[in-house]
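The structure appears right after this line, and notes come after that.
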Amino acid sequence: MADQVSPPIPPQNQPSNTPQQPVAYDTNGNPLYAAPPQGQAEASAAPQIVHLSRAISPEQQEITPEIQLKHDRSLVEYPHLNLSKAEYIISAIRRHPIGLTIPVGLTAFLIALVATLIFNYDLVTESLGILDPPSYGIMLMIGLLFGTLVLLGGYIAIWVYVNNRFFLTNESVIQELQMSLFTRKEQTVSLANIEDASYDQKGIIQMLFNYGSIRLSTEGDETTYRFNYVANPKEQIATLNNAVEAFKNGRPVEQS
């Protein structure tokens, strides 16, 4: 009787070539396995390497004769601004004159008051019951000195208000803030960093005289820039939004 030889048992640490049988099926009839098939597992485990390349120096914008002409005109009109080679001014926004009502009105009132007291000095001293008033010459000198200081203060207030300006270029937004006679601040925001630009008008006075505030918010640091007393803010913000959209989409920014 021949000896029976049992088939060799494959080692358990070696993978079997027998196809894996599904353990169940989903509602669409696709097979479900207890573990991913051998080929799929090896493919998913293989690392994927992605190579990225970036230019060493960014591509320079072509400066056409038209852009160069606009740039040269902007330098002549606004020599204090630091503009790039291809940058030009689209619009220069100044504050609405209604903001001058308080400084101009207060200055005019104080000057009128001083003039009234000087020209009616005798009547004023008599009505106040002052028995030994100072001489008219001394009071005139004091009145002139006070009036000069009032005029100087009013001029400084008007100069500070007028020198707050807002410039829109084809590349950025430049805001000049004149907070006092010797305090000045300049903020520049690239059009690429502007996430939201809006305006608001509050109250019947702003609606009647058509002025309001412009608000800009930037990406990343969430910084908010605000410019008040803007004349016709709806038209200004439409021009700004068109410039931002054109800049981000690589289109030329049209000048208003």
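Numbers for the structure displayed
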item	result
Qualifying trypsin sites (Lys or Arg not before Pro) for region 127-223 [loop in DSSP, other Cβ within 10 Å: at most 16]	Lys202
Thr169, Thr223, Thr107, Thr27 arranged by Cβ crowding within 10 Å, fewest neighbours leading	Thr27, Thr223, Thr107, Thr169
Separation between Cα centres of region 98-144 and region 152-193, rounded to whole Å	36 Å
Counted charge near Gln68, where neighbours are those whose Cβ lies closer than 12 Å (Asp, Glu -1; Lys, Arg +1)	-1
Residue order, fewest to most surrounding Cβ atoms within 10 angstrom, among Leu106, Leu240	Leu106, Leu240
Region 62-131: trypsin sites (Lys or Arg not before Pro) in DSSP coil with no more than 11 other Cβ atoms inside 10 Å	Lys85
Residue exposure sequence - Ile63, Ile204, Ile237 - by fewest surrounding Cβ within 10 Å	Ile204, Ile63, Ile237
FRET efficiency, 1/(1 + (r/R0)^6) with R0 51 Å, evaluated for Ile111 and Glu245 via beta carbons	0.55
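Every number here is computed from the coordinates shown, using simple stated rules; none is lab data. Since the structure is predicted, the reported quantities are computational estimates derived from the model, not experimental observations. Backbone-built Cβ (ideal geometry, glycine too); neighbour counts: all protein chains shown.
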